[in-house]
Each structure stands twice: as C-alpha cells, then as structure tokens.
1. Express the relative contact order of the range 1-122 as a whole percentage, based on alpha carbon pairs under 8 Å and six or more residues apart in sequence.
2. Do the alpha carbons of any pairs in LYS29/LYS166; LYS3/LYS108; LYS54/LYS86; LYS55/LYS166 sit beyond 25 Å of each other, and which pairs?
3. Using each residue's phi in the range 134-147, evaluate 6.51 cos²θ - 1.76 cosθ + 1.60 at θ = phi - 60° and report the 3J(HN,Hα) Karplus result to the nearest Hz, with x for Gly and Pro.
4. Going by alpha carbons, how many degrees (0 to 90, nearest 10) lie between the helix axis of 72-87 and the longest principal axis of the chain?
5. Non-local amide H neighbours of VAL121 (under 5 Å, H modeled in plane, Pro and chain starts lacking H): which ones?
6. For LEU37, what residues show an amide H to amide H distance below 5 Å, using hydrogens built from the backbone and excluding near sequence neighbours?
7. Of ARG44, ARG70, ARG84, which is the most mobile in a GNM of the chain whose springs link Cα atoms less than 10 angstrom apart?
8. Amide H to amide H, which residues 5 or more places from ASN115 or on other chains are under 5 Å from it, using H placed in the peptide plane?
Amino acid sequence: MRKILIVNGHLVIGGAEKLVYELAVFAQKNNIAPTVLIIDNYIREYYDPIFKQKKIKVVRTRLSTIRNFRAPLKMLRSMYWSLRLKYFANSVYDSIHVIGLHNIYRAKDFINHSNRFYWHVTNAAQGAYNYPESYFDNPNDTLVCINQYQENELDSHYGNDVFKCKRVLFPLFLND
C-alpha cells in the first residue's frame, strides 16, 4: 500500500487543518495510507478524535532536539521520527505534504525526500511573506498554491527567478 506523510503544526478548526483532513480522507479512500505528523504540539485538538475514528494515524512529536531529560519517552519518540524522516523517508513514504509555508522551517532540513509538496494556504493579507528564498531552491520540491492570487503575490514579492522548485496551481475554490 502506498503511504503519504502530511505535516502540520495543529489540528484545530481552521482552513489549513481542514485541508489536512481532506487530504488524509482522500488518500484513505484511494487506498493510500496517510500519516499526519504534528510538529512541536502535544495538545489534543479538534481533529484528533475524528482521525482516530477514521483510523488515520496521528503522530505528535518534535523533529528538533529535546534539550532536557524531563520526558525520556518523548525524547525517544523524537529521535525515532527524526532518524526515520532524515534517512528513511524515501523508502517509507511516497510523498511528503507540508501544509503552510510557515511550517517549512520545521520540516525542510529534517525531512529528506525526493517528492515533497509545500501547500501554500495563506495570502499576503494575513501577513508579510518573510520566508527565506532557500525554501524554494530544491527542483525536486513542489510548491502548491490554492489560488491565483497567491501565485501573483509570490511573484510580486520574490520575483519569478527565485523559484527553482516546481509550482502548481491547485484551486480549492472553483469560483475564484
């Protein structure tokens, strides 16, 4: 069975979290085993019981170093996932989907995979684009924009030459 990893920071009620839900359910319906990885957040949130009911695996851990020894089990889990994603992600998962450009810093250096998708789910009105150009420098990565406005905003902010990664428009709202 094919497997995908979906990376986000939360599972609260929100647009990005709804996208996580839709991707996971779509994958499951199409015989792809989704795993949802929530980084640096151990709080049980809105979608946790929904994913449990649908038998979709949710993992909450850190990929960066845990600095103290207060929680040895969390530390071991963190080490396990860090090693798994840094060295074995290509053999375990068919693709990695990072939801939100603001989560790339949590995943880019820790998840080595030849088929990463970065889903851009915000607009400039929600905040300035202050992402480093290095986020877009890998030609194996794919930047997925969910509307044309995002593509235009990225082009006007960074210029077209910055993007070495593939860019795809995947409109979530058909009336745009």
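Please treat every number below as a calculation from the coordinates, not as lab data. A quick note: this is a predicted structure, and the numbers were derived from the prediction, not measured. Because the Cβ atoms are built from the backbone with ideal geometry, glycine has one as well, and the counts that use them run over all protein chains shown.
1. 29
2. LYS29/LYS166; LYS54/LYS86; LYS55/LYS166
3. 5, 4, 10, 9, 9, x, 7, 7, 10, 9, 9, 9, 9, 7
4. The helix 72-87 is inclined about 50 degrees to the chain.
5. Amide H to amide H, under 5 Å and 5 or more residues apart or across chains, VAL121 pairs with GLY100, LEU101.
6. ILE6, VAL7, ASN8, VAL59
7. ARG70
8. Excluding prolines and chain starts, which carry no amide H, the hits are ILE96.
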